[in-house]
Structures are given as C-alpha cells and as structure tokens.
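The values are calculated or read from the model by the stated rules, or taken from the named source; none is laboratory data. Treat the numbers as computed from the prediction; the structure is a model and nothing was measured. Cβ sites come from the backbone with ideal geometry, for glycine too, and all protein chains shown count toward neighbours. Quick note on the areas: whole protein, heavy atoms, side chains included, nothing else; ligands and nucleic acids left out. Shrake-Rupley method; radii C 1.70, N 1.55, O 1.52, S 1.80 Å.
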Amino acid sequence: MLVEALDHTDLGIAVYDANLVLVYCNARFVEIFDYPPEVVAPGASIETFARYDAELGEYGAGDPETLARDWVARARHAVPQRIEHSRPNGMQVEIVRRPLPSGGFVSTYRQRSGDRTELVKDDLSFGTLLQALDYTTDGFHLWDADDRLIYFNSRVRQINEAVGSPLRLGMTFEQCVRNSVAAGLIPEATADPEGYIARRAELHRLGGRSLTIRGLDERWQLIRDHRLPDGGTVTTAQDVTELKRVEQAYRDSEQRFHDFVNASSDRFWEMDANLRFTMVVDTKLARRFPPVSQLIGKTRWEVVGLDPEDDPELAEHKALLDAREPFRDFRYEVPAPDGTMRHWRVSGVPVFDDSGRFTGYRGTSSDETEFSQELTRARRELQEALRQAEVANRAKSLFLATVSHELRTPLNAIIGFSDLLVNRIFGPLGDPHYEGYAQDIQVSGQHLLSLIEDVLDLSRIEMGQIRLRLGRVDLRTEAQAAVAMVKARRGQQVADIQIEIPDVFPTLQADARLMRQILINLISNAAKFTQPDGHIRVTAWRDGDGVAFSVSDDGIGIDPADHGKVLRPFEQADNRLTRRYEGVGLGLPLTKAFVEIHGGTLQLESAVGEGTTITIRLPPERIADPDEPVRAAAGDR
C-alpha cells in the first residue's frame, strides 16, 4: 500500500545506502528523468546513474567520464542541500537531498516547468522586472530567436567594460564570443580559438547546458544557457570563484590525506557505535596477521581473543572507549596461527555527528612486532653486558685488594726497619748520609702505605665490604686531628688553616675513622693546591634538620668541565705525565664514597683561579642527640 502510494505521488523519490547503491525509487523519479529499466533497477550503483546522465548532457559540456566521476565524488560527501537543476530539454527540477543517519541519502525531485506563472502577480511591471535584473549579482543576457542580443543587465555591462570588450544590442552570440576570444579574455581558447568558438556556439544552441570558464583575473564563472519557448535563449553568468577555491582546497586536502596514507606503514580503521570495526585500510600489503578480513564486524577484544573482565589492561581500555575518550599508544598482543604473538600499538579518537550523537571511533594501528623483538634482544644483550662488566669489576677489585694486601706486609717491614735506623735504636749509623737516606726510606714507605690503604678502601667499597662502625664523633676534635696530621706530612710549607666549628656542636653518630679520613682527604687536597701564603677554612653549621661542614681554599681551583672527572677513581684534572702535583686521584672519590655510606652528599664548587669549596651534608639520623642545644657560630649559615 505504501509503495503504491509513493508511486502515484508527484514527487520523485530515490534512496541510496551507505555504499551509494540504489535501494528504492518510485515511478515518478523514473518518469522525470526517463530512465530505462536496466538503469534504475534496485542494486544499481550511483556510478551507473552518473555515467548515463553525463552522456545525455545532464551535467553540461565536457568529458562524460570526468563529469560523472566528479559528480560521484561530491555525492560521497552528502550534505543537506536544495538544487535547481536545468535539464537539457528545458525542464526545471528542484532536487532536495538529505543524508540518512545510517549512511547514504534520500533525494526528492519536483518538476517545476509548469508552476512559474503562479509566482508572478498581475501588478508586476516590466520596469520593475528590469530593475530587479539590474540589482542581481549574476550576469544576465537575453538573445532572440535569431540569436541576437536584445538585453543585458548592468552586471554584464560593468564586467565587459572593465575588460575592454563592451557589448552592443543587436550583436549575435557568435560575435560576442569572438570579441572575448580576440581580446584574450578566455585563456582556454588560446590554443585553438576557432575550436573553442565552435564548441561554445554548439552548447548555446542546444541549451540546458552549463560550463565553467576561468578569466584573466583568475576568477571563475558558471555559464548556463536556457532555451525559451519562443526560440530565444537566456544566458546567465554566476561568479563561482569561492566555490572553486573551496573545491580545490577539498581536492588538495583529499590528495594530502591520500599521500600521507600511501607513505604510512600503519593501518587506518573506523569503528561503529558498538565498537565494532566497520572499515580497515592497510597500507602494507604484506601484512601477515591479523588480516583485514578477520577484523570487520568484530571488537578489538574479540580479535585478541580475551574477555576484558579477565584482563586488567584490556578492561581499562574498554572503560576508556565506553567513556568516549580519545586514547593514544594502547599496546596489545594478537596470537598468530603459528603460535607467535603480534604486537600492536593503537591510537584513536571518538566521532560524533552534528547532533552530538556518538557514532564510533577512528584511528591508526602500528605493527610493532619486529620492533618489540629487537627491543627484547637489545635488553638481553644489555643485561649480559652489565653482568660481564660486574664480573670484571669484581675481579678487578679482588685483584687490587689481594695485591694491596700482599704489598702491605713487606712494606710494613720496610717502614719498621727505617724507623729503627732513623731513631738510632742500636747506636749511631756512622756516616751522616745514612741518616738522610733512612728518613727518605721512611717517608716514601709511609706515602706508599697510604696509597695502598686508599686502594684497599676503594676495593672494599666496590665489593660492598665496608661496614660502618658507628660511635659518637666530635667533629671539631676530628678536624683538629686532621689538620695536625696534614701539617705533619707537609711540614712548614702549608697554607694557614682556620677551624671555624662552634665549641658546642651536635655530636655525630658516625664512623670515627671514616669521618677523620674525610677531613684529612679534604684538608690535604686543599693544602696541596694552595700556596703557603694562602688560606684554608674548615667550617660547620646546622643544615635544616641535619648538619653540614665544608673545606674551602683560595688555591688554583678546578675548571667546571673537570668537576665530574676529579670525582672518579684514578682520574685528575691534570692527567699529563708531567703534572706538578703528586697523587693517583683517589682522595675525592674515596671521600665521596665515605660520605654516601653515611647517607650524605658531597657538593663541589670551584673555578680556575677562584679557589675550591667542598661541602658535606649529613642527614638528621647522623646526629647523636637531636635535642642537644647548639650555639650559633661565626661560620653558621
């Protein structure tokens, strides 16, 4: 009943699905366009209609295949619109097109050839009509049955006078076209002027045609010829420059998108509102798994083969999709038939229609299987390299500890016997030169023993064998002892050393030997690089809840570029064989290690020619009696 009613209405109706395939049309639609049965059968594609119409001249002059292709491209992006279409036979058809929520569109067609007089009132004067034509923005020409110009509006006059090709009443259509071609106003006629004039005259004669031409000013006009019942012709010219620019921008955008897709190695996909894949475009033809055919109609978790309730990461991803949120770099695995796992990374954004209704997701997917395999292999190789480096480092530390231990035994004998000689335990040595030699042996032995002790400490630290022997440590007392030892080693050739630690200062809970060694290393290092007329200061203060102390000097300083170097074992700012200062580069590295064992930090501040300040900060747990009263000192900061 409904179909029968639609077939007897004056309105033509055609319905196309999302693939632009005809699913229904009524009898009036076929009657308006006089389609043969094989063209309008349900299931026919819109390309069939487009080619048929283009060959009959429905879209104007030009290559039918190109015209049909352009028309189909516009139909794929259907938007609500109303069109006044002029058929080659002069019939006017009003076309209204509306997109459907499920995709595709419905079009209605109303013949308008017999209802024009109904729009004209009896009191419409000829002068009023001419005045209205002069105010229109379109060009308007009127030709009589002999194709002679009998009227043109002010818009036409302005355009032709501006380009130097004025019109005159009584000239033929062909003369008008020839004048424009001769004046060089039609770029496309340059190659074959006579051919262009002939084609244009033929379109004008047929009527019901339209063409688009570009002028010298890069503006485009849509020209239409309409045949009148008395044999005359109406020619209209509409400026469509902005429309052409929009179309070109759209084509450029579409081409840019195609270029990106062709250059990509990803998959582009689309989901519907039920989160099922409706489209997948794979730019890599050799993609092994999963094939595109296995994705269409499925959700991502169905492709993976897991229930989101059984996988926390997949459940979190599904919750994000259900919340209609965009997502980036979600990674998941898909089992392949050969038992391997394919690793995928996916990003997507939600899509909403004009009314705000959620319609699905669009996004990209990248196959990261090869990358994941390379990353796993690199991690294994790195772990193996780290293991081997650790083994080599422990072997080195063990070697140094063993050698140092073996060297210390004979060295103790050398130092002991040199002490006997220096102190003349068994009487005079005889020649005075022997006494000097014995003192040299004693000093050299003690220096060598100090170096061996440093190497042993470094080996113990690297092997994790140093344990803190905690006790109560008075920092001022240890500083005084360290200064005395440095002065004893270096004799009178040492800079002035000032200790600025309050008499009442928190007692530390630390390893006394290591704290004294820290101070000895810092003060000795400062004395080594400071001239005898220089100054060295040892200060201490409360640092928040903890304590801090520093050793500063006005010596030669250290280039900031070498700060990292002097804190590494066996490295010095000056590594040349001809360097001025003795040492193997263990003082500061050992100091830093001893401080860190206590949970503290070492900060180095120095520049060439500006001296050096090394600050040690210890945490609150290194204070033996946190509630002990403290008196501020001049060095407090």
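Points to keep in mind about this one:
- Local net charge near residue 204, Cβ-Cβ under 15 Å (Lys/Arg +1, Asp/Glu -1): +2
- Averaged per residue, the stretch 1-95 has 54 square angstrom of accessible surface, using a 1.4 angstrom probe with ligands and nucleic acids left out.
- Cα gyration tensor, the stretch 1-56 - rounded (a/c under 1.5), prolate or oblate: oblate
- Alpha carbon centroid spacing (whole Å) that separates the stretch 527-569 from the stretch 82-102: 89
- Relative packing of peptides 359-367, 129-137 - highest average C-beta neighbours within 10 Å first: 359-367, 129-137
- For the stretch 129-191, trypsin sites (Lys or Arg not before Pro) meeting the loop criterion (DSSP other than H, G, I, E, B) and having at most 14 other Cβ atoms within 10 Å: 168.
- Mean Cβ neighbour count within 10 Å, used as a protection proxy, ranking 160-166, 17-23, 207-213, 381-387 highest first: 207-213, 17-23, 160-166, 381-387
- Alpha-carbon centroids, the stretch 168-208 and the stretch 1-60: separation in whole Å: 36
- Gyration tensor verdict on the stretch 138-267 (Cα atoms; rounded if a/c is under 1.5, prolate if a/b is larger than b/c, oblate otherwise): prolate
- Positive minus negative residues near residue 237 (Lys, Arg vs Asp, Glu; Cβ under 10 Å): 0
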